[in-house]
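> Quick one: the structure is below, questions incoming.
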Amino acid sequence: MSKHTFSIGGVHPHDNKISRDCPIRPLPLPPTVYLAMSQHIGAPAKPVVAVGDKVNVGQVVAEPGGFVSAFIHSSVSGTVKSIGPRKDLAGNPVTCVEIAVEGDEWDESIDRSEDLVTAIPSDNKAIIEKIRLGGVVGLGGATFPTHVKLMPPPGSKCERVIINGCECEPYLTSDFRTLLEKGEQVVVGAAILRQVMGNVPCTIAIEENKPEAIVHIREVIAKLGYEGIEVMSMKMRYPQGGEKQLIDAVMGRQVGSGALPISVGAVVQNVATALAVYDAVQKNKPIIDNSVTVTGGCLPEQANLLVRVGTPLQMILDAVGGVPESAAKIISGGPMMGKAVVNLEAATVKGTGALLLLTEAETRRGSASACIRCGKCADACPMGLEPFLLNRLCKAGDLEALEANAIQDCIECGCCLYSCPANIPLLDNIRLGKGAVLGAIRARAVAAKAAAEAAKQ
Amino acid sequence: MTSIIIWTIAIITVLGVVLALVLYLVAKKFKVEEDPRIDEVEKAMPGANCGGCGYAGCRAFAESAVKAPNLDSHFCPVGGNDTMARVAAILGYEVKAKAPQIAVVRCNGSCAVRPKTNEYDGYPSCKVKATLYSGDTGCSFGCLGCGDCVAACQFGALSMDPETGLPVVDEAKCTACGACVKACPKLLIELRPKGPRGMREAVLCVNKDKGPVAKKACASACIGCGICVKTCTHEAIILENNVAYIDPLKCKLCRECEAMCPTGSIHGVNFPKPLDKDAVKERIKIRQQKEKEAAHV
């Protein structure tokens, strides 16, 4: 039994990895793709194509709209049909580039062979530039531009790169399948990341419910003869895949409130991101597809699909036989942190990792009753917060007290809600309060900046 | 036995007198000098402590009003012009009468015209719902229907109509304090002048989507066609971001826009007679023809 896990809080939901034996298979090309300009955290990308332009697979469609932003590449070949707002999976409008698919012409610079390229370029700056040009973002869910993470602020030093293969959310298996099927590429990707950060040691963290992956990756590392990369078997616990939790579990270090992982010498990247780094650096292949787990007890067949970015969700569901009658809710992502999908015409983005279909019985929310002060939420919170207190303060709208109680540290993992015996909508309220507090902090920063400038003059 | 009772009464009486004296002296010695007009102004206020004026309560309003050089930045929406006249009389200021206002919910997407596209099973709060997604209809701008505005109203002036799923403002009770305006995450509620005898026109839609998208989501959405702008002879209608807005200060209540609106998103209330759309359309047609002829000449 592995003992490695984070030190406070967490829950252990049933893992429900019913799609674990489904190999990743490519989904046929969709007739049309819709590339959203906000597929990453940060400024939306700016389209550089015009309606009527012909594009190839891998061609740049949009440029970064700021420092924290990313390139977006065409995932198909065809003609740009329109550029304009389109509703995303939650029904909110985002700017999308619509491309009608014609054939499958790839950009000539992309190496499409299956050969494993192990020779890593020696120039780190060039590697980071390739990652930037490849539009690589964190595929664990947050979609933070990877090249920004690889350029730590001056004065901070990276001591360990952690590759996050925990996949602690129930149901999801795309990272697990990636580890099994693209293990070599992931390990080379890890070696690239480790070299960029200054040849620091690297840990690939995999939860113990994926023993095949642990064995396979250990074999791959031995075969490739890499030193400095190790596999760590982790005890199953949600939210182990959370950046701060994983650093605690692997390195035994706690990231302070409001601080970045680099402040304790850690850089965390997801398995899928490591693969994307490999593709971008060794194969010149930008992110044009990602693997999506399509799962749920009500589905007749489970699947892991390799989907081109921008594929309409309806088409992915059609590939597994459509939405069954018994499905009451479709979730993009896992059951703990995923978002409910209300618009199946919406398209996938780089960060889409799963589509989960749940029945009425599985999604039913019990009616809320009064808090009995059992403290289960406080026990479960992996950030050491007191959700019951934050809930009360959020209702009262006491922003100062909320900030004093570190509501801004909440990672919205949902452990409090999961553990509450009174079904109190803790996270719903906390999310509201967190937004208000973050807004107040930003307003204060802006005011301080303005005051400093006024003082200068 | 009797002596015990007498002694007790005597001691309590003496204690009472001594302590009263102490309290009196302390109150004299540490008296906080306060402008007596603050109390007077506070008495003149409605005492709802709703915060609609922007101050923490009626007393905070009174304290600020007494210190202010004039009453331009002070207005009690609940008490209205009567209260402000009394306050002005106490303080010896002049006050300009303000048109009474009322909360207007700018969404007319009832259940009948705005079909639901999904079922919301989360926490029944508009604010929570708005953080999760665009809402349970195709319109991402309209009323979410969880009644945050109703909960925010201290005067019981708002209620949800179960038939339309939209909040209804009780004109007699609404004080235009603005609490609902702040409570609505979709920014649907606007304080508009009540109008002469309560008559007023407004576009009850804020959907910024392009016409076909808006129309698909809601049959009575403003589709930004601009017919109302062309019809209006008072230049009272602004069309911006695919949605029309009637400037209440310029509107002359002719109701021509209401008759011409193809989706029925413009609503007039408290008019003595129901709108005869055909008659108004005929009138506009004749007028526009005359204008055309005049232009040719």
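The values are calculated or read from the model by the stated rules, or taken from the named source; none is laboratory data. Only a predicted model underlies this, so the values are computations on that prediction, with no experimental measurement involved. Every residue, glycine among them, receives a Cβ derived from its backbone with ideal geometry; neighbour counts consider all protein chains shown.
> For the subset of segment A:143-154 comprising residues that are more than 15 Å from the chain's Cα centre (by Cα) and part of a loop (DSSP other than H, G, I, E, B), which member is nearest to A:ARG194 (Cα to Cα)?
A:LEU150
> Where residues in segment A:326-338 are touching a Ser or Thr at 6+ places or on another chain (Cβ under 8 Å) and among the aliphatic types (A, V, I, L, M), which of them is nearest to the other protein chains (Cβ to nearest Cβ)?
A:ALA328
> In addition: Restricting attention to segment A:17-25, does a residue exist that is among the charged types (D, E, K, R), within 14 Å of another protein chain (Cβ to nearest Cβ) and not in a strand (DSSP E or B)?
As a first pass, look at segment A:17-25 and keep what is among the charged types (D, E, K, R): A:17, A:20-21, A:25.
Remaining after also requiring within 14 Å of another protein chain (Cβ to nearest Cβ): none.
Scanning segment A:17-25 turns up no residue that is among the charged types (D, E, K, R), within 14 Å of another protein chain (Cβ to nearest Cβ) and not in a strand (DSSP E or B).
> For residues that are buried (at least 24 other Cβ atoms within 10 Å of the Cβ), among the small types (Gly, Ala, Ser) and out of contact with any Leu (no Cβ under 8 Å at 6 or more places or on another chain), tally how many sit in segment A:257-298.
Of the residues in that region, 1 qualify.
> A further question on this structure: Need the failing condition index for A:ALA354 against (1) under 30 Å from A:VAL136 (Cα atoms); (2) among the small types (Gly, Ala, Ser); (3) out of contact with any helix residue (DSSP H, G or I) (no Cβ under 7 Å at 6 or more places or on another chain), just the number.
Of everything listed in (1) under 30 Å from A:VAL136 (Cα atoms); (2) among the small types (Gly, Ala, Ser); (3) out of contact with any helix residue (DSSP H, G or I) (no Cβ under 7 Å at 6 or more places or on another chain), A:ALA354 misses just condition (3).
> So A:VAL342 ticks every box in (1) under 30 Å from A:LEU150 (Cα atoms); (2) in a loop (DSSP other than H, G, I, E, B) but one. Which box is left unticked?
In the conditions (1) under 30 Å from A:LEU150 (Cα atoms); (2) in a loop (DSSP other than H, G, I, E, B), A:VAL342 misses (1) alone.
> Among (1) out of contact with any Ser or Thr (no Cβ under 9 Å at 6 or more places or on another chain); (2) closer than 30 Å to A:ASN209 by Cα; (3) at pLDDT below 95, where does A:PHE67 come up short?
(2)
> Could I ask something else about it? Of all residues in segment B:237-262, how many are closer than 23 Å to B:LYS292 by Cα and in contact with a strand residue (DSSP E or B) (Cβ under 6 Å, 6 or more places away or on another chain)?
Number satisfying all stated conditions: 4.
> Check whether at least one residue in segment B:12-22 is surrounded by 12 or more Cβ atoms within 10 Å (Cβ to Cβ) and polar (S, T, N, Q), and report yes or no. I'd like the intermediate steps shown before the answer.
Keep residues of segment B:12-22 that are surrounded by 12 or more Cβ atoms within 10 Å (Cβ to Cβ), which gives none.
No.
> Something else about it: Can you name the residue in segment B:187-213 that is β-branched (Val, Ile, Thr) and either under 15 Å from B:LEU166 (Cβ atoms) or in contact with a helix residue (DSSP H, G or I) (Cβ under 9 Å, 6 or more places away or on another chain) (or both) and is also nearest to the other protein chains (Cβ to nearest Cβ) among such residues? Let's see the steps before the verdict.
First, the residues of segment B:187-213 that are β-branched (Val, Ile, Thr): B:189, B:203, B:206, B:213.
So of that shortlist, the ones also either under 15 Å from B:LEU166 (Cβ atoms) or in contact with a helix residue (DSSP H, G or I) (Cβ under 9 Å, 6 or more places away or on another chain) (or both) come out as B:189, B:203, B:206.
Values: B:ILE189: 19, B:VAL203: 20, B:VAL206: 14 Å.
My answer is B:VAL206.
Each row is one residue, and each column tells you yes or no for (1) hydrophobic (A, V, I, L, M, F, W, C); (2) within 23 Å of the chain's Cα centre (by Cα).
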{"residue": "B:ALA219", "(1), (2)": "yes, no"}
{"residue": "B:CYS222", "(1), (2)": "yes, yes"}
{"residue": "B:GLY226", "(1), (2)": "no, no"}
{"residue": "B:LYS230", "(1), (2)": "no, no"}
{"residue": "B:GLU240", "(1), (2)": "no, yes"}
{"residue": "B:LYS250", "(1), (2)": "no, yes"}
{"residue": "B:GLU256", "(1), (2)": "no, no"}
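> Another question, then. In the list A:VAL323, A:VAL307, A:VAL341, which residue meets the criterion of being within 13 Å of another protein chain (Cβ to nearest Cβ), in contact (Cβ under 8 Å) with a residue 60 or more places away in the chain and closer than 23 Å to A:VAL33 by Cβ? Spell out how you get there, then give the answer.
On the way: A:VAL323 fails: in contact (Cβ under 8 Å) with a residue 60 or more places away in the chain; A:VAL307 fails: within 13 Å of another protein chain (Cβ to nearest Cβ).
Checking each option against the conditions leaves just A:VAL341.
> How about segment A:6-37: which of its residues are of a type in the set (Ser, Thr, Tyr) and surrounded by fewer than 19 Cβ atoms within 10 Å (Cβ to Cβ)? Spell out how you get there, then give the answer.
First, the residues of segment A:6-37 that are of a type in the set (Ser, Thr, Tyr): A:7, A:19, A:32, A:34.
Those that are of a type in the set (Ser, Thr, Tyr) and surrounded by fewer than 19 Cβ atoms within 10 Å (Cβ to Cβ): A:SER7, A:THR32.
> Ok, one more. At least 2 residues that are of a type in the set (S, T, N, Q) in each: list the helices (runs of 4 or more DSSP H) lying fully within segment B:74-176 that qualify. I'd like the intermediate steps shown before the answer.
Values: elements: B:80-91, B:126-132, B:148-152.
In segment B:74-176, the matching helices (runs of 4 or more DSSP H) lie at B:80-91.
> Could I ask something else about it? Pairs needed: first member in segment A:77-105, farther than 20 Å from B:LYS216 by Cα; second member anywhere, aromatic (Phe, Trp, Tyr); C-beta distance under 7 Å; at least 6 residues apart or different chains.
A:GLU98/A:TYR34
> Here's something else I'd like to know. Would it be correct to say that A:GLN254 is more than 27 Å from A:THR118 (Cβ to Cβ), in contact with a helix residue (DSSP H, G or I) (Cβ under 7 Å, 6 or more places away or on another chain) and surrounded by fewer than 19 Cβ atoms within 10 Å (Cβ to Cβ)? Please lay out each step first, then the result.
Details: more than 27 Å from A:THR118 (Cβ to Cβ): yes; in contact with a helix residue (DSSP H, G or I) (Cβ under 7 Å, 6 or more places away or on another chain): yes; surrounded by fewer than 19 Cβ atoms within 10 Å (Cβ to Cβ): yes.
So A:GLN254 fits the description; yes.
> Anything in segment A:129-142 that is surrounded by fewer than 19 Cβ atoms within 10 Å (Cβ to Cβ) and closer than 14 Å to A:ILE192 by Cα? List them, or say none.
Selection gives A:GLU129 alone.
> Related question: Return the total of residues in segment B:1-46 being part of a helix (DSSP H, G or I), touching a helix residue (DSSP H, G or I) at 6+ places or on another chain (Cβ under 7 Å) and either in contact (Cβ under 8 Å) with a residue 24 or more places away in the chain or of a type in the set (S, T, N, Q) (or both). Step through it out loud before you land on a result.
Narrowing segment B:1-46 to residues part of a helix (DSSP H, G or I): B:2-29, B:36-44.
Next, only the ones that are touching a helix residue (DSSP H, G or I) at 6+ places or on another chain (Cβ under 7 Å) stay: B:37-38, B:40-42, B:44.
In the following step, the residues that additionally are either in contact (Cβ under 8 Å) with a residue 24 or more places away in the chain or of a type in the set (S, T, N, Q) (or both) were identified as B:37-38, B:40-41, B:44.
Final tally of qualifying residues: 5.
> Can you tell me which residue is nearest to B:ALA112 (Cα to Cα) among those in segment B:133-143 that are more than 23 Å from the chain's Cα centre (by Cα) and within 7 Å of chain A (Cβ to nearest Cβ)?
B:GLY135
> While we're here: Within segment B:105-132, take every residue that is within 13 Å of another protein chain (Cβ to nearest Cβ) and among the aliphatic types (A, V, I, L, M) and give me the one that is surrounded by the most Cβ atoms within 10 Å (Cβ to Cβ).
Checked segment B:105-132; the qualifying residue surrounded by the most Cβ atoms within 10 Å (Cβ to Cβ) is B:VAL128.
So that you can scan it fast, the table gives a plain yes or no per residue for (1) more than 14 Å from every other protein chain (Cβ to nearest Cβ); (2) of a type outside the set (Phe, Trp, Tyr); (3) touching a strand residue (DSSP E or B) at 6+ places or on another chain (Cβ under 9 Å):
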| site | (1), (2), (3) |
| --- | --- |
| A:PRO85 | no, yes, yes |
| A:VAL94 | no, yes, yes |
| A:GLU105 | yes, yes, yes |
| A:ASP115 | yes, yes, no |
| A:ILE127 | yes, yes, no |
| A:LYS130 | yes, yes, no |
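> While we're here: Looking at B:CYS180, is it crowded, with 21+ Cβ neighbours inside 10 Å, under 11 Å from the mean Cα position of the chain (by Cα), part of a loop (DSSP other than H, G, I, E, B) and on the phi < 0 side of the Ramachandran plot?
Numbers: crowded, with 21+ Cβ neighbours inside 10 Å: yes; under 11 Å from the mean Cα position of the chain (by Cα): yes; part of a loop (DSSP other than H, G, I, E, B): no; on the phi < 0 side of the Ramachandran plot: yes.
The answer is no for B:CYS180.
> If you don't mind, another one. Which residues, taken from segment B:273-285, are free of Cβ contacts under 8 Å to residues at least 40 places away in the same chain and under 27 Å from B:PRO196 (Cβ atoms)? Show your work before the answer.
Going residue by residue through segment B:273-285, those that are free of Cβ contacts under 8 Å to residues at least 40 places away in the same chain are B:273-283, B:285.
Within segment B:273-285, B:LYS273, B:PRO274, B:LEU275, B:ASP276, B:LYS277, B:ASP278, B:ALA279, B:VAL280, B:LYS281, B:GLU282, B:ARG283 meet the criteria.
> Of the residues A:ARG392, A:ARG365, only one is surrounded by fewer than 23 Cβ atoms within 10 Å (Cβ to Cβ), in a loop (DSSP other than H, G, I, E, B) and not assigned by TED's automatic domain parsing to the domain that holds A:GLY135; which? Break it down into steps so the answer makes sense when it comes.
Working: A:ARG392 fails: in a loop (DSSP other than H, G, I, E, B).
Criteria check complete, one pass: A:ARG365.
> Looking only at segment A:155-193, count how many residues are more than 18 Å from A:ALA142 (Cα to Cα) and assigned to a loop (DSSP other than H, G, I, E, B). If you could, list the steps in order and put the result at the bottom.
Pass one, segment A:155-193, residues more than 18 Å from A:ALA142 (Cα to Cα): A:155-160, A:171, A:176-193.
Subset that is assigned to a loop (DSSP other than H, G, I, E, B): A:155-159, A:171, A:182.
The total comes to 7.
> If we scan segment B:151-166, do we find a residue that is within 12 Å of another protein chain (Cβ to nearest Cβ) and crowded, with 20+ Cβ neighbours inside 10 Å? Steps first, please.
In the first step, residues of segment B:151-166 are kept if they are within 12 Å of another protein chain (Cβ to nearest Cβ); the result is B:151-152.
Checking which are crowded, with 20+ Cβ neighbours inside 10 Å leaves us with none.
Scanning segment B:151-166, I find no residue that is within 12 Å of another protein chain (Cβ to nearest Cβ) and crowded, with 20+ Cβ neighbours inside 10 Å, so the answer is no.
> Just to check your reading of the model, which residue among A:GLU412, A:GLU400 is in a loop (DSSP other than H, G, I, E, B), more than 16 Å from A:ALA370 (Cα to Cα) and either more than 10 Å from chain B (Cβ to nearest Cβ) or of a type in the set (Ser, Thr, Tyr) (or both)? Lay out the reasoning, then the answer.
Working: A:GLU400 fails: in a loop (DSSP other than H, G, I, E, B).
Matching residue, one of A:GLU412, A:GLU400: A:GLU412.
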